[in-house]
Amino acid sequence: MQKNTFPHDVWLQIASYLPPSQIQQLLNLNSTFFHIAMDGRYRQMSFAYLDNRMIRSLARLTDPAVAKRVRILHVYPGFLMDALNCEDFDELSFCPSSNVTSLRRTLKCRILELALHLSLLKQPEPTHPKLRMMRLFKVKRSEDLVHLMLQVLSSLPNVTDYYVSWHCAASDFAASSSLSGGATASAAGSLLESVLMRLGDGSSLRKLCLELSLENVRCLISDPKAFAMHRLEELALSIHHTSYFPVEVLSTHLAPAINSLHSTLRILTIQSLTPPAVDLSAMFLSLDTLSALEELSVSIPVETPHLGDPMAFRSFLKKQSRTLKTLRMKANRTSGTDSLSLPGVLEESFDHWVKSVFGGRPIGLEGCSIPPLHLPALKHLDITSTLFPVSTSEYCLRHFHLYGSLGLNSVSLTGAYRCYEDIRDALEVFSPTSEDALSCSLGTLRKLRIGLVSLSPQLIDLIARKLPQLERLDIIVKYILPDVQECPEMTRMSGSQTEQSSTQIDSFLNNVLTTRSYPDWSLRHLCILAESLPSRTLYEPLLEQVFLTVVPGLRRVT
């Protein structure tokens, strides 16, 4: 009987409907599923712990057929503390046996024991790539281990995303290593820098995420002039504060490295982590114009000094004004407290810092004001986090709608709960009666994402009236109310969980369906994310049906 075969594209279409776990089970079905399963298995590799999995991963990646499948690489250099804590292997003894029953603590011991096990098999030359390459693991010194890992991690031709998380200080290395903290950190830095440079020399690396302490920046980027990432498009930078804080590294190492990416870097993310907040003024002042930069994301600590001198950050933004299209801002707390609200002092300080950056606010007793910062290319503004004051976000929205060349096309205001009055004040920016309305294009806003809110018929009326040209609306809903004046009625479920009364939701649906119609609204896509629906299977289809009825132009409700 002739074997029944399908074209390759048909198998790909079938596989697209299957979850990854099932595809792994179909590994041996045919070559198409084999390659899909292998791509899924090795697409993302992580090196963080000294365990059997790391050993197997290193062994498999020496096979070029496996190495080419890796797209995302995570490295957490803390494991090098164990890998480098033993200089001489001659003192270690092994008990030969046909099976490796126990592996030593350090990575070097484990590799050596596996190599010894293979030698006992008495095969002249293993044919399987895994066994053939593992026989080459003849580790005698810590330098051999570093060279081995460098060889493996640098021979990944198709890595697009490279993540490094290294924010422990040299003293932490010293505490668990027989080497000095500086020597161990230097060895780890040399390994990471060499891997980074070799990946950067290739044509695949597009995204680099660095979570570092400034002390380790100097180890990772020893020569900023040699920091050549020829095609890097996205850089995410997370700075940790340590007891030893070499501020000069911001201007001597970090800024020059970022400046070297000026012709290719499109997306830049900057955040300061761990208390106290890091003053990044020196870095911002040393950064040049990044001619390709289109998207900037900043996470601003609510504690002083926030990101440092607001004039330094303003200077950096001004240099990027011709190309910056997207600005994302988030407020974060470095102190680690779980509080979702800010004390008055912190809120006032945060608000003052933001308004000092963007200008137009009286400063000092003389009443002088900082000129408003113009970002003429800005089209998308994203402000998130429950810690970002509502009044400050409204100021930013008004500022960038007024001082952009054609106004904002897309706005996202999420995190903090916004009452009806808050949303009304925010949308007043787009009203034809607002200040400087002639300098803005009425109805330029095409996409709006807002939340948390209470969804009511009056809220829908407000958005439809203020934004008649809106094409996509995403609403993150906390409560669904039949009238803006009502309060949510909650019912207790098992334990401490609560959900909103179904009576209010039923009344909302009935009110909208019988009393509302928006035939002139240009809305095409509506997305409602509701927290407290009593029954999603019941109410999600009802919400979809009601909105498709009252907004004739809608094409999709999710």
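Quick look at the numbers
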| read-out | value |
| --- | --- |
| Extreme residue, most open to solvent (accessible area, probe 1.4 Å), among residues of the stretch 58-81 that are within 26 Å of the chain's Cα centre (by Cα) and modelled with pLDDT under 80 | GLY78 |
| Selection within the stretch 252-276 - open to solvent by 10 Å² or more (accessible area, probe 1.4 Å), under 24 Å from LEU381 (Cα atoms) and touching a strand residue (DSSP E or B) at 6+ places or on another chain (Cβ under 7 Å) | ARG266, ILE267, THR269, GLN271, LEU273 |
| Test: residue in the stretch 392-405 that is at pLDDT below 90, hydroxyl-bearing (Ser, Thr, Tyr) and part of a strand (DSSP E or B) | no |
| Selection count where residues are of a type in the set (Val, Ile, Thr) and open to solvent by less than 20 Å² (accessible area, probe 1.4 Å), scope the stretch 35-57 | 1 |
| Candidate set from the stretch 215-227 (those that are in contact with a Phe, Trp or Tyr (Cβ under 6 Å, 6 or more places away or on another chain) and part of a helix (DSSP H, G or I)); member that is farthest from TYR163 (Cα to Cα) | GLU215 |
| Matching option when the condition is farther than 15 Å from ILE300 by Cα, at pLDDT below 90 and open to solvent by less than 70 Å² (accessible area, probe 1.4 Å), among ARG333, ARG361 | ARG361 |
| Top-ranked residue in the stretch 410-452 [being at pLDDT 90 or above and of a type in the set (S, T, N, Q); ranked as nearest to LYS478 (Cα to Cα)] | THR414 |
| Within the stretch 506-523, tally of residues that are β-branched (Val, Ile, Thr) and in contact with a helix residue (DSSP H, G or I) (Cβ under 6 Å, 6 or more places away or on another chain) | 1 |
| Pairs where the first residue, in the stretch 267-290, is over 22 Å from LEU232 (Cα atoms) and at pLDDT below 95 and the second is hydroxyl-bearing (Ser, Thr, Tyr) and part of a loop (DSSP other than H, G, I, E, B), C-beta under 6 Å, 6+ apart | THR274/THR334; PRO275/THR334; PRO275/SER335; ALA277/THR334 |
| Options SER222, SER281; residue that is within 22 Å of ARG333 (Cβ to Cβ) and over 22 Å from the mean Cα position of the chain (by Cα) | SER281 |
| Subset of the stretch 225-251 [farther than 24 Å from ILE300 by Cβ and surrounded by fewer than 17 Cβ atoms within 10 Å (Cβ to Cβ)] | LYS225, ALA226, ALA228, HIS230, ARG231, TYR244 |
| Qualifying positions in the stretch 298-332 - in contact (Cβ under 8 Å) with a residue 60 or more places away in the chain and touching a Lys or Arg at 6+ places or on another chain (Cβ under 9 Å) | VAL302 |
| Any strands (runs of 3 or more DSSP E) falling wholly within the stretch 445-558 and containing at least 3 residues that are open to solvent by 10 Å² or more (accessible area, probe 1.4 Å) and closer than 27 Å to ILE383 by Cβ | 447-455, 472-480, 525-530 |
| So GLU366, is it modelled with pLDDT under 90, under 21 Å from TYR395 (Cβ atoms) and not in a strand (DSSP E or B) | no |
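The values are calculated or read from the model by the stated rules, or taken from the named source; none is laboratory data. Everything numeric in this text was worked out from a predicted model, so none of it was measured. Don't worry about glycine lacking a Cβ; one is built from the backbone with ideal geometry, like all the others, and counts go over all protein chains shown. Just so you know, the surface numbers come from the protein's heavy atoms only, side chains and all, with ligands and any DNA or RNA stripped out. Shrake-Rupley method; radii C 1.70, N 1.55, O 1.52, S 1.80 Å.
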